[in-house]
Every structure is written in C-alpha cells, then in structure tokens.
Amino acid sequence: MTTSSHDFKSRFSFNSQTQTELKYCTYCDTTIRGRSDKRFCNDACRYAYHNEINKEPFTLVNSINRKLKRNRKILQTLLLKSKSKLEISRDDLLNNGFNFRYFTHINKDKPDRVFQCCYDFGYQILKGTKIVVVQEICEI
C-alpha cells in the first residue's frame, strides 16, 4: 500500500464484544495486537512504510554516489595497469565513462599541484588535454 492512502495517526475502532479498542497497522490496515502505542503489525510493514517515506530524499544521493563510484572504478582500473602513476588523455577518460563533474575532494600538496580525488584515487589536469592519475596523493 502507498503512504498516500494512510494518514500518520493510527486508526481506531471499538470491538463491542470484548469492550476493547482495536488498532490498525499504519501501512497495511491489518489489526494490531500488543502494546497500546504500537503503529505497525510487524517489522516488514514498519520497514516498508519508512522506506517509502524516505525514498525520495535519497534518490539524488544514490545517483551521485553511483557516479562517484564509477569514476573511482575507472581510475582504479587504469592505474592498476600502470602501477603508481599514469598519464592519460582527457578523451580516453571520457571514452571510459568518466564524469569530471563528480569528485569527493580536492588535495593541494603544492601551490601548482591540485588533484581532484574520487575517494582514494585522484587526477591532476595538466596543460592541454593530458591528465595524471595517482593514488597515494588522495589517501583519506
């Protein structure tokens, strides 16, 4: 069930045979047994309800994390082939699917040496279209 068909307050009804108030699950509308302040019939309904509520804010974060992880994987794969340092063209990185807009942090070890880092791998944009890929500069 979707959260739009439910309000945030638990629904109550009165059972005339047992003279007790019945409560219904906020997510699936089944009868709840147990504590008086219980809102969900089981953990699965509680998880599903909260996942549905929190799904939208994390969509953007998950999208960015996927791009960062893809960039890191590309740098890692290229660097493993050449050991510790690699000089590569910008076009080669782009052809591998690298996205220059996404990096985790910037590391400046000298005034003229600035590295954009994707977690523990980094790159320095040189003059022209050349790029140096390294790992030890961007240790977290």
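Computed from the coordinates by the stated procedures, all read-outs in this text should not be read as laboratory data. Just so we're clear, the structure is a prediction, and the values are computed from it rather than from any experiment. Positions of Cβ are backbone-derived with ideal geometry, glycine not excepted, and every protein chain shown enters the neighbour counts.
For the reader, a short list of remarks on this structure follows.
- Overall form of segment 70-138 per C-alpha gyration tensor (a/c, 1.5; a/b vs b/c): rounded
- Once backbone amide H atoms are built at 1.01 Å from N, Leu86 has Val133 as its partners under 5 Å, excluding neighbours fewer than 5 places away on the same chain.
- A Cβ-based charge dipole, computed about the Cα centre of the chain with Lys and Arg at +1 and Asp and Glu at -1, lands at about 260 debye.
- Cα long-axis angle, helix 43-82 against the chain (0 to 90 degrees, to the nearest 10): 10
- Vicinal HN-Hα couplings computed from phi for segment 85-94 (Karplus, 6.51 cos²θ - 1.76 cosθ + 1.60; Hz; Gly/Pro x): 8, 9, 9, 9, 7, 4, 4, 5, 5, 4
- Rel. contact order, % - alpha carbon contacts under 8 angstrom, at least six apart, the chain: 15
- Matching label, percent of Cα pairs over 26 Å apart computed from the structure shown, candidates (i) 38; (ii) 74; (iii) 51: (iii)
- Potential lengthening between Arg90 and Ile64 on full extension [0.36 nm per residue; Cα-Cα distance subtracted]: 7.3 nm
- A simple count of charges around Gln135, restricted to other residues whose Cβ falls under 12 Å of its Cβ and scoring Lys, Arg +1 and Asp, Glu -1, yields 0.
- Normalised contact order of segment 70-138, rounded percent, pairs of Cα under 8 Å and 6 or more residues apart: 35
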